[in-house]
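The values are calculated or read from the model by the stated rules, or taken from the named source; none is laboratory data. All of these numbers come straight from a predicted model, not from anything done at the bench. Don't worry about glycine lacking a Cβ; one is built from the backbone with ideal geometry, like all the others, and counts go over all protein chains shown. What goes into the accessible areas is simple: the full protein's heavy atoms, side chains included, and nothing from ligands, DNA or RNA. Shrake-Rupley method; radii C 1.70, N 1.55, O 1.52, S 1.80 Å.
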Amino acid sequence: MNTVDPAEVAKFEAMAAEWWNPNGKFKPLHMLNPCRLDYITGQIAAEFGRDLTQPQPFAGLRLLDIGCGGGLLSEPMARLGATVVGADAAGRNIPVAQIHAEQQGLAIDYRHTTAEALAEAGEEFDVVLNMEVVEHVADPQGFITTCRRLLKPGGLMICSTLNRNPKSFMMAIVGAEYVMRWLPKGTHEWQKFITPDELYGLIRTAGLDPVDRKGMVFNPVSWSWSLSDRDLSVNYVTASVKR
């Protein structure tokens, strides 16, 4: 089974050189990253009993950042002490990520590979970060199921994506791609967006237990993102566990 969508891979390969430019084509992810990290670190700390006030609180945890891109999440996870594997189906992303990590003095195992190849090789992780990837794959159910295979018993998957409704179309497609021009036109396909209930269904069918979900909401006044217990109308993130 291969859930990679070649057309989606090509989109991100074309932008590979832009990953670490905070004002470039990945500006929305740079803006969103503090909010994503707030959720990720909180969920990992709660699930594994780690104290975020301590240096390298994630030491001893093996973490996979699937669809790692240039390493915007892999690097902070490595700084927090996790042993990080960053994997991406877009080959041009990997040297960009490797060079930046080396410049930061970080040891991250970046690989041009797929979730399926990692699972077939018997790789296992305490944490799988599956962030803004599921809306770009050819088979969301197959992809989520593969992510479950990559988790150790008791492992945690954190998965974020975009809701599918008129508001998300206006904000994520019209607003981000056509009005603000934060993203190249065609980066997202609205029909591939997944509602929170649909994602919970995919997670449960894969054999994982959903434990949390929150919205990530953009405030145009403060020009910042924050987590919300109630507003999952556009961007949202979930946590699930392999019991």
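Here is how the numbers come out for the structure above:
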read-out	value
Leu227 in contact with an Asp or Glu (Cβ under 8 Å, 6 or more places away or on another chain) and within 18 Å of Cys35 (Cα to Cα)	yes
Qualifying positions in segment 217-243 - outside any loop (DSSP other than H, G, I, E, B) and either more than 19 Å from the chain's Cα centre (by Cα) or surrounded by 21 or more Cβ atoms within 10 Å (Cβ to Cβ) (or both)	Asn219, Asn235, Tyr236, Val237, Thr238, Ala239, Ser240
Candidates Ile194, Ile173, Ile144, Ile158, filtered to the one that is under 27 Å from Leu227 (Cβ atoms), open to solvent by less than 30 Å² (accessible area, probe 1.4 Å) and over 18 Å from the mean Cα position of the chain (by Cα)	Ile173
Options Ala117, Ala90, Ala59, Ala121; residue that is closer than 27 Å to Arg164 by Cβ and either surrounded by fewer than 24 Cβ atoms within 10 Å (Cβ to Cβ) or over 16 Å from the mean Cα position of the chain (by Cα) (or both)	Ala90
Among residues of segment 189-215, those that are more than 25 Å from Pro153 (Cβ to Cβ) and out of contact with any strand residue (DSSP E or B) (no Cβ under 7 Å at 6 or more places or on another chain), counted	7
Cross-chain or 6+ apart pairs with Cβ under 8 Å, segment 23-45 first and closer than 16 Å to Gly81 by Cα, then open to solvent by 20 Å² or more (accessible area, probe 1.4 Å) and of a type in the set (Lys, Arg)	Ile44/Arg50
Cβ-Cβ under 6 Å pairs, at least 6 apart or on other chains, segment 111-127 side under 22 Å from Ser240 (Cα atoms) and outside any strand (DSSP E or B), far side open to solvent by 20 Å² or more (accessible area, probe 1.4 Å) and at pLDDT below 95	Thr114/Val4; Glu116/Met1; Glu116/Asn2
